[in-house]
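Participant: Sharing a structure below in structure tokens format, with a few things to ask.
The values are calculated or read from the model by the stated rules, or taken from the named source; none is laboratory data. Everything quoted here is computed from the prediction, not taken from an experiment. Ideal geometry is used to build each Cβ from the backbone, glycine not excepted, and the neighbour counts take in all protein chains shown. Please note that ligands, DNA and RNA were not included when accessible areas were found on the heavy atoms of the full protein model with its side chains. Shrake-Rupley method; radii C 1.70, N 1.55, O 1.52, S 1.80 Å.
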Amino acid sequence: MKERLRFFAALSCAVLLGACTAINSPAGEAPAAASKATAPASWAAPQVLVPPSNFHGVHGLAVDRKGRLLAGTVTGGEMWVVDRKTGASEVFIAGPEGESDDIAIGPRGEMAWTSYLQGIIRYRRNDKAPIQELATGLPGINSLAFHPRSGKLYASQVFLGDALWEIDVRGRKKPRLIAKDMGGFNGFEVGRDGMLYGPLWFKQQVVKIHPRTGKITVIADGFQTPAAANLDRRGNLWVVDTKAGTLVKVHLKSRKKTVVAQLDTALDNLAIAREGTIYVSNMADNAVIAVNPKTGKATTLTSGELAVPSGSRLDGQQLLVADVFGFRSVDTQSGEVKDIYRMQASEMEYPFSVGVSSSQVALASWFTGTVQLLDRSTKKHVSMAHGFKAPMDAIPLDDGSVLVTEIATGQVLRASGDHLKDRQVLAKDLQGPVQMVLSADGKSVFVSEAAGRVLRVALAGGAPEVVAEKLAMPEGLAITPWGSLLVVEAAAQRITEIDLKAKTSRTVAQGLPIGLPALPGMPPVFAPTGVDVDADGVVYVTADRNNSVLKISPVR
């Protein structure tokens, strides 16, 4: 798996951007028109249906010695600075070095952060100093904190590991293991007593850990999913519960718990300013919220309708969007966004693509290796299948089977049976299969390849046929009502229409805010751009660079 991902990550942009699109004719007839709509003469300029937002999921927060509010993103690979009065935000450290799940400020103003997907702890003494890598090879390195007096640095692995480490800030010694298999010691802080205070994500507890012995003492329990904890100057431990959506105050002496603010679910982290204001991040809403600790009044500094819009499919007048930290619907007329599921409040696991059949919806996550099935009419959870090798897309079929692209194996699978355990290989040795769309007759599926091709794979079997090549990182696909194929070329930031009969192509839109860069070691397609077209020929595209949804109307 790692070798295949390295191969695709090494593909040259010059190769992917190629010259003109080359079109090859697939065997058989082109897909039949799905309605009476005719091909337009051209396309209007894209219109914003859902407005852009900052970040790509927001996680760790910190207020530094200069009073700046820093916010970390993993998917976006950047660290941001947020104006504490206006909410205006801008990139502070660009990617990939800026990838930050958590951020810590030391007693002398030094800063460290965790690059979760890269497995790296980074450090900078001040704004003008170079960035150093203190530790590498720590998958899932999640949270970290400095001792407020000595400057000792501690860090924990969660989800992709479960361990607590002491980190040498000079970068000379290897990390020292303090404890492991704790239960997910997430966003934590070091008290003035030298103890480490934080939540155990998987045990619904808040604990303190002795940094020398690793001894764990439970402070409070009964949480739903505690995500992070910070200490104030009055002997209170403030905890965000991501599943409950609450900000909770725990008095350390009495152990009394008080819900101070009811917020939305999918909370991630928090930071406390010197004057006492508590800042909370919400990954599903790209939101940073300021909370008054005395009154519980919450003020949103910045937020967005979508977090990281990726794959999408139309369901009547609704555009279903796999939003990585949520699953959402967008009204194609008004642009209104509604939650279907949010991270940590449901069974959903980081969806990157969505597929629709007459009765089911499928969500695929390459990050967790899962395909989830929902009832199309109710959107209720039906089943969750694990063990796929970086599934980039999934399409449920009316016979109950599901088509799945695995970018790690280069295969297109047809999965069926209990929890989709029966897996038939329809195509193999593909060059980074990404998104799919069924042909109009339902007998084949078009597949985009990261290496620059679109293939047609027959469901009955047989060798794949090349439909188009020399494309610039093709991702989302859609069939128009008049039978042509729309292809998102993410590396060229355009949508191309391919006439399958005439073997010609034309540009639908270009200069689009798409093609979010992948972080080192990740699949070349990080958040696949979704595209779909309605019966009138109106095109909808998710824009992962600025978290918007665009609407492109045909001109006839």
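Participant: Of the accessible area of the range 503-556, with the probe set at 1.4 angstrom, what percent is carbon plus sulfur?
Facilitator: Ligands and nucleic acids excluded, carbon and sulfur give 49 percent.
Participant: Could you work out the mean projected area of the convex hull around the alpha carbons of the range 115-227, in square nanometres to one decimal?
Facilitator: Spelled out: convex hull of the Cα atoms, projected over all directions, averaged, 7.1 nm².
Participant: Counting heavy atoms of the protein chains only and a 1.4 Å probe, report the per residue accessible area for the range 150-195 as a whole number of Å².
Facilitator: On a per-residue basis, the range 150-195 sits at 47 Å².
Participant: Let me ask you something else. If you roll a 1.4 angstrom probe over the protein chains with everything in place, what fraction of the accessible area of the range 122-262 belongs to carbon and sulfur, to the nearest %?
Facilitator: Summing carbon and sulfur atoms, their accessible area is 47 percent of the total for the range 122-262.
Participant: Treating cross-link reach as a plain straight distance, find the lysines whose alpha-carbon is under 19 Å from the alpha-carbon of LYS470, omitting any fewer than eight places away in the same chain.
Facilitator: Qualifying lysines at Cα under 19 Å: LYS501, LYS503.
Participant: Report which label in (1) 16, 38, 31, 11, 3, 0; (2) 22, 52, 23, 2; (3) 18, 51, 26, 5, 1, 0 holds the value of P(r) over Cα pairs in 20 Å bins from 0, in percent derived from the coordinates of this structure.
Facilitator: Among (1) 16, 38, 31, 11, 3, 0; (2) 22, 52, 23, 2; (3) 18, 51, 26, 5, 1, 0, the one calculated here is (2).
Participant: Restricting things to alpha carbons, find the Rg to Rh ratio for the range 375-529 using the Kirkwood radius for Rh.
Facilitator: On the Cα set of the range 375-529, Rg over Rh gives 0.96.
Participant: Same structure again: Report the gain in length on full extension from ALA88 to GLN333: 0.36 nm times residue separation, minus Cα-Cα distance, nm rounded to one decimal.
Facilitator: Working it through step by step, the gained length comes to 85.3 nm.
Participant: Next question. Which lysines, on any chain, are close to LYS380 with Cα under 20 Å apart, when same-chain ones fewer than 8 places away are left out?
Facilitator: LYS243, LYS338
Participant: On to the next question. Would you please state which residues of the range 80-108 a label at ARG65 would reach in this model, taking the label point 7 Å out along Cα→Cβ and a backbone N cut-off of under 17 Å?
Facilitator: Taking a point 7 Å out along Cα→Cβ of ARG65, the residues of the range 80-108 whose backbone N falls under 17 Å are 104-108.
Participant: Counting only heavy atoms of protein chains, what accessible area per residue, in Å², does the range 377-441 have with a probe of 1.4 Å?
Facilitator: Normalised by residue count, the accessible surface of the range 377-441 is 41 Å².
Participant: With a cut-off of 13 Å, note down the residues of the range 323-366 whose backbone N falls inside the zone around a label point 7 Å from the Cα of THR300 toward its beta carbon.
Facilitator: 337-339
Participant: Same structure again: Lysines near LYS174 by alpha-carbon distance under 21 Å, same-chain residues fewer than 8 away left out - which ones?
Facilitator: Those lysines meeting the cut-off are LYS152.
Participant: Further, regarding this structure: Note the full-extension length gain between THR258 and THR38 as 0.36 nm times their separation in residues minus their Cα-Cα distance, in nm to one decimal.
Facilitator: 73.0 nm
Participant: When the accessible area of the range 330-373 is computed with all protein chains present and a 1.4 Å probe, what percentage of it is carbon and sulfur?
Facilitator: That share works out to 41 percent.
Participant: Something else now. What full-extension length gain, to one decimal in nm, is calculated for GLN317 and SER416 as 0.36 nm per residue of separation minus the Cα-Cα distance?
Facilitator: Length difference between fully extended and current span is 32.7 nm.
Participant: Give me the distance between the Cα centres of the range 275-296 and the range 84-157, rounded to whole Å.
Facilitator: Their Cα centres are 20 Å away from one another.
Participant: Next question. Modelling each spin label as a point 7 Å along the Cα-to-Cβ direction, I'd like the ARG192/THR213 distance in nm, to one decimal.
Facilitator: Label at ARG192, label at THR213, 2.4 nm between them.
Participant: Something else about it: Just to verify a number: FRET efficiency for ARG274 and ASP168, C-beta to C-beta distance, R0 = 41 Å, to 0.05?
Facilitator: In this case the efficiency is close to 0.90.
Participant: So for the pair THR507, GLN47, with labels modelled 7 Å out along Cα→Cβ, what separation do we get in nm?
Facilitator: 2.2 nm
Participant: What is the range 155-264's relative contact order, in percent, from Cα pairs under 8 angstrom and six or more apart in sequence?
Facilitator: RCO, the range 155-264: 15 percent.
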